[in-house]
1. Could you tell me the distance between the Cα centroids of segment A:13-27 and segment B:126-167, to the nearest Å?
2. Within chain A, what is the number of lysine pairs with alpha carbons under 17 Å apart, leaving out pairs fewer than eight places apart on the same chain?
3. Averaged over B:158-166, how many beta carbons belonging to a partner chain fall within 10 Å of each residue's beta carbon?
4. Within a 10 angstrom radius of each residue's Cβ in A:103-116, how many Cβ atoms of other chains show up on average? Whole number is fine.
5. Which of the listed residues, B:THR39, B:ASN54, B:PRO86, is farthest toward the dipole's positive end in chain B, when Lys, Arg count +1 and Asp, Glu count -1 at the beta-carbon?
6. Which net charge results for the neighbourhood of A:GLN28, defined as the other residues with beta-carbon distances under 10 angstrom from its beta-carbon, given Lys and Arg at +1 and Asp and Glu at -1?
7. For chain B, modelled as a GNM with alpha-carbon contacts under 10 angstrom, which of B:ARG187, B:ARG60, B:ARG161 fluctuates the most?
8. Please arrange B:THR175, A:THR186, B:THR39 by counting, for each residue, the other beta carbons lying within 10 Å of its beta carbon, fewest first.
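Values quoted throughout were computed directly from the atomic coordinates according to the rules given, and no laboratory measurement underlies them. Note that the coordinates shown come from a computational prediction; the quantities given were computed from them, not determined experimentally. Using ideal geometry, Cβ is built from the backbone for each residue, glycine included, and neighbour counts are taken over all protein chains shown.
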Amino acid sequence: MSFSLKWENVRYRYPGADFQAVNGVSLQVESGEKIALLGSNGAGKSTLLQMGNGLIRPDSGTILKNGIPIGYSTKKLRELRADTGFLFQETDAQLLTATVEEDVAFGPCNLGWNREKIAAAVENSLAICHCSLLAARPVHELSSGQRKRVAIAGVIAMNPQIILADEPLAHLDALGSDAVLDVFDTLTKRGIGFLIATHNLHLVQSWFDSAAVLHDGKLLAFGPAKEIAKNHDLLSRAQLLSRHGLGL
Amino acid sequence: MWMDQVARRSRMAEVEPACKIVVALAGIGAAWASPNLATSVLLATAWLLAARWNMVRPTRSVFFFWSAPILFLVASCSLVAFEFSPSAPSSASASFPLFSWIAWTDPAHIERSILLFFRGLTGINALFFIAGSTPLSSLESTLAHSGFPAWLVDIMASSFRMIGVFAEQAQARATAILSRNGWSRWRHSWRCSAWWLSGLFVGALLHAKKSERAMASRCGSGATVLRWHPTPKFSAMQWGVATIAVLAQWCLVLGGNFLGSLFAGGRIL
């Protein structure tokens, strides 16, 4: 059965802020889809992603899971978070425990799985992320690329339907980025959907199916990734093209 | 962290941690039961040699790790060696004024503090042996399956992770200050230290907030994460070696007792 997560006309203003971080955005992501969330700094990408995981509750509008509005009770949030994995931009904050395998087991333990199921999920996730050899290593001994892959393993161990990732390739070199994208490719083949916040227009063109462009909390455009990435007017309006030739 | 790296490549890294813990605890017990200085010195030396033998190419920082609790031990033993009173008794072998009080000592105090030092040193060396031969992940797993409260082991694991984060933050901030010539003039270096400390404090708070959010995103409920580890299995040989080591230490204590009562009225110095 296909899984869908939909943001319907959501708005959010941070306490004390005099502008809307997200202003009437509607967007949908389904299993197996790869959607890029493009936008300049402060466009509202991270806020929108966090709403999808229940970390931020919109001031107005609705988040729908499989067409049903999500609830914010502890039980409902646990169900939502089991289905929507969240990958933070700052990996250091995401890795919580002393060793790699413990960190990967963190989510499954919270879901109340039995020991055998947790052990299998840990082993499987580490294998997908090519981190099996790192299992017993302390987290702070890992490189940035390895940390990122361990963070992904921690997310996929919970068996999510959709992964919401906040600039997952930030601070990674080409080799590290390739390793992360290889893992994402494997997961896409398994039917996991992706909504990824990024500034990288090359990546949008080459890897994503569709792209949404955010600017000042509003959705400027949504369409096929290749078309969006070639639309220089749109990208300029969203402040994604630099005067110095950066961007595309 | 370097101690964990040393533990992972140590000669006894593959030995079941429970056996090592049993032997080390027996060593600490034997040290406290040892009746005289000679037995205590022997036990402390044996544990230090065992810890050193076990490590493969240890770095100098490993011995800083070892020396930190020893400084604490020396300070504690000094308190035992000296008595503080308004005036020193005539039997005092040494005394010196301390503000309006007198710190004084005599041979009995010194003997007691030296014995205490070597007993404490045996304990430190035995724990140093465990730290240098048991990677943290194995230690946690063993403790969690030995009836240790899981939440306590969990706190230990989280602390270990956060020490790593803290050390990285401290290093990064110190480098940032040094790169802009901070700490180069002693008159202003206190200000750099204050920035460094306050930055670390604020950084720790921000990090805690982010970690809390990351926990929530993975359904963080306060459940302990160690319960899923497979239960460790001990081979007969591992238990055999552990038993022999425990017996050897207690033979040393009993032998020391016997020789002490035979030759020196209970004391070998």
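1. One Cα centre to the other: 44 Å.
2. Lysine pairs satisfying the spacing and distance rule in chain A number 11.
3. Counting other chains' Cβ atoms within 10 Å and averaging over B:158-166 gives 5.
4. Across the residues of A:103-116, the mean count of other-chain Cβ atoms within 10 Å is 5.
5. The residue sitting most towards the positive pole is B:ASN54.
6. Charge balance in the 10 Å sphere: -2.
7. For chain B, modelled as a Gaussian network with Cα springs under 10 Å, the answer is B:ARG187.
8. Least to most surrounded, the residues fall as B:THR175, A:THR186, B:THR39.
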